[in-house]
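Novice: One structure follows; several queries about it will come next.
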Amino acid sequence: MEYKELFAKFFPYKSYRSGQLKAIRFLFEAFKNGRIALLSSPCGTGKSISVLTAYMAVRSLGLSKRLLVLTRTRNQLEIYCREARRISQFSSEKFTVVPLTSRKHMCPKTSLDDIKNIPYGDFLKYCKSLRSRSLNEKCAFYESTFSGKRPS
């Protein structure tokens, strides 16, 4: 099977952007050979989908099991999640994506209270005080998460 045909199984768009196919091929070779690759390209050139397409192609050949993507911002993480969802809807290949983000952004209480805009360090202190009930107040979300066991 030719590379372009293999990539087409996972690339959910009608056409490649300028330089994108070359980037996918470069990343594919790096993933396939277990190497480290650095890819630098301006915003909006399709780096995220290129990484995911190359990874999925290598994975489909049984040459890779796991991809770990680290991003600096939550927006960058959301781009990877959105592109992975597109691949999932486009391709027949099954895979799991587990996005990890800060406790503050996963906490449902931040959407209900005025704590959304407090600094992260203050949020962690507030969260800890609710979990330990040191403010004579408890967190209903935390309490309903665990039954009978303390979290590790």
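Novice: Take the residues of the range 10-35 that are assigned to a loop (DSSP other than H, G, I, E, B) and closer than 18 Å to Arg66 by Cα: which is modelled with the highest pLDDT?
Specialist: In this case the residue turns out to be Phe10.
Novice: Mind checking which pairs have a first residue in the range 132-145 that is of a type outside the set (Asp, Glu) and a second that is in a helix (DSSP H, G or I) and loosely packed, with under 12 Cβ neighbours inside 10 Å, Cβ under 7 Å, 6 or more apart or different chains?
Specialist: Phe141/Pro108
Novice: Within the range 44-121, considering only helices (runs of 4 or more DSSP H) that don't extend past its boundaries, which have at least 3 residues that are in the same structural domain as Ser18 (by TED's automatic domain parsing), out of contact with any helix residue (DSSP H, G or I) (no Cβ under 9 Å at 6 or more places or on another chain) and modelled with pLDDT of 85 or more?
Specialist: 74-90
Novice: Pairs only if they're at least six apart or on different chains, beta carbon under 8 angstrom, first in the range 57-72 and of a type in the set (Lys, Arg), second assigned to a loop (DSSP other than H, G, I, E, B); list them, first residue then second.
Specialist: Arg59/Lys65; Arg59/Leu67; Arg59/Glu93; Arg59/Phe95
Novice: Condition check: under 21 Å from the mean Cα position of the chain (by Cα), among the basic types (Lys, Arg) and more than 26 Å from Gly46 (Cα to Cα). Does Arg103 satisfy that? Write out each step before concluding.
Specialist: Values: under 21 Å from the mean Cα position of the chain (by Cα): yes; among the basic types (Lys, Arg): yes; more than 26 Å from Gly46 (Cα to Cα): yes.
Yes; evaluated as a whole, the condition is true for this residue.
Novice: Checking the structure you have, find out if any residue of the range 47-61 is closer than 30 Å to Arg131 by Cα and either in contact with a strand residue (DSSP E or B) (Cβ under 7 Å, 6 or more places away or on another chain) or among the aliphatic types (A, V, I, L, M) (or both).
Specialist: Looking through the range 47-61, none of the residues is closer than 30 Å to Arg131 by Cα and either in contact with a strand residue (DSSP E or B) (Cβ under 7 Å, 6 or more places away or on another chain) or among the aliphatic types (A, V, I, L, M) (or both).
Novice: If you don't mind, another one. In the set Arg85, Arg59, which member is of a type outside the set (Ser, Thr, Tyr) and surrounded by fewer than 14 Cβ atoms within 10 Å (Cβ to Cβ)?
Specialist: Working: Arg59 fails: surrounded by fewer than 14 Cβ atoms within 10 Å (Cβ to Cβ).
After applying the criteria, what remains is Arg85.
The values are calculated or read from the model by the stated rules, or taken from the named source; none is laboratory data. As the structure is a prediction and not an experimental result, all values here were calculated from the model. Note that each Cβ is placed from the backbone with ideal geometry, even for glycine, and that neighbours are counted across all protein chains shown.
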